[in-house]
Amino acid sequence: MTHSPLYGGIEAGGTKWVCAIGTGPDDIRAETRFPTTTPAETLSRAVEFFRAHDAEQLAAIGVGSFGPVDLNPLSSLYGYITTTPKPGWANTDVVGTLQRALGRPIGFDTDVNVALLGEQQWGAARDCDVAVYITVGTGIGGGALVGGRLVHGLIHPEMGHIRLVRDPERDPFTGICPYHSDCLEGLACGPAIKARWHAPAEQLPADHPAWELEADYLGQAMATLLCILSPQRIIVGGGVMSQPHMFPRVRAATQRWLNGYLQHPHILVHPEQLIVPPALGSRAGVLGAIALAMRVAG
């Protein structure tokens with residue numbers, strides 16, 4: 001009797017890690033999640049999970065990691081988290097640690113690229129040759145699909161650090177990014193909302209002025225991405241976007257910033273078909289990691 005191969009997936013986030021074993025959205029055999037603490041402790045917990053579920057039976061394991069990361073297989077730092085501002089995590093060897101402990105092929109990419117891969121395989125990007133995935137949470141990151149393939153280049157896309165137009169009179173908050181202050185992540189991530197308004201996003205009512213400002217900044221980013229990549233779909237996930245009123249606001253802000261320049265029905269008439277939530281919801285990351293493992297295993 002021939003058994004279908006199983007795959008492992010790791011959503012390696014800056015706040016939490018999610019590990020799973022399965023073959024897709026309808027076939028998850030085991031799953032766990034735990035907070036991101038130190039590299040040694042966090043990687044050990046991932047290794048323990050896969051060992052407890054017969055890691056040697058897995059065809060491959062995919063990892064979608066917070067970053068920046070080194071994705072160049074020829075680099076001496078391939079598989080590392082590199083210059084992250086997350087304390088204690090700079091220059092962490094993720095791939096090497098997992099391979100030495102588990103002895104399985106490891107696929108490695110950014111968390112947002114991997115989430116987009118999951119959406120391409122099973123979700124909102126299935127019909128797209130060009131698509132973007134943005135996550136707005138503890139940080140802001142973005143992945144891109146062009147010609148049906150994930151974009152890698154000199155390193156990888158860092159859409160969370162594009163610059164925005166900030167009106168100091170409207171928003172005197174100068175941003176929290178340690179590298180750029182008022183880039184997209186510095187102004188619009190969850191911690192930036194909390195620092196500006198002295199309360200976490202989930203505690204702010206729907207009519208709070210925070211949300212129009214947040215939508216304006218995200219609309220600037222959407223307009224920029226539409227001008228650069230012309231994606232057929234922009235998928236926006238993350239905890240900040242879990243507010244049900246945010247998608248209409250972001251779509252409207254995108255239209256304002258484009259100001260009629262790009263003429264397409266999905267921009268002008270049906271933006272709800274252009275800027276959408278992930279079809280896989282909060283599982284996009286770990287399912288995308290399983291999709292990456294499938295590609296690694298061939």
Need one number: nm distance between label points at Q57 and S181, each 7 Å from Cα along Cα→Cβ, rounded to one decimal. 5.6 nm
Taking the beta-carbon count within 10 Å as an exposure proxy, list C189, C183 from fewest neighbours to most. C183, C189
With +1 on each Lys and Arg Cβ and -1 on each Asp and Glu Cβ, and nothing else charged, work out how big the dipole of the chain is about its Cα centre, in Debye to the nearest 20. 180 debye
The chain, relative contact order in percent, only Cα pairs under 8 angstrom and at least six apart counted: 22 percent
How many nm separate the modelled label positions at A210 and E41, each set 7 Å beyond the Cα in the direction of the Cβ? 2.7 nm
The chain: C-alpha pair distances exceeding 23 Å, %: 54 percent
Calculated FRET efficiency, R170 and E202, Cβ-Cβ r, R0 25 Å, to nearest 0.05? 0.60
For region 127-277, with only Lys/Arg (+1) and Asp/Glu (-1) charged at the beta-carbon, what is the dipole magnitude about the Cα centre, in debye rounded to 20? 160 debye
Peptide ranges 291-297, 271-277, 23-29 listed from the most packed, as the mean C-beta count within 10 angstrom indicates: 291-297, 271-277, 23-29
Estimated FRET transfer efficiency (A101, H270; beta-carbon r; R0 45 Å; 0.05): 0.40
Given the rule -39500 (n - 2.57) for each run of at least 4 DSSP H residues, summed and divided by the residues of the chain, what is its mean residue ellipticity at 222 nm, to the nearest 500 deg cm²/dmol? -10000 deg cm²/dmol
Between Q243 and L74, what is the FRET efficiency for a Förster distance of 51 Å, r being their Cβ-Cβ separation, to the nearest 0.05? 0.75
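We did not get these values from a lab; they are worked out from the coordinates using the rules stated. Note that the coordinates shown come from a computational prediction; the quantities given were computed from them, not determined experimentally. Heads up, the Cβs are rebuilt from the backbone with ideal geometry, glycines too, and the neighbour counts pull from every protein chain shown.
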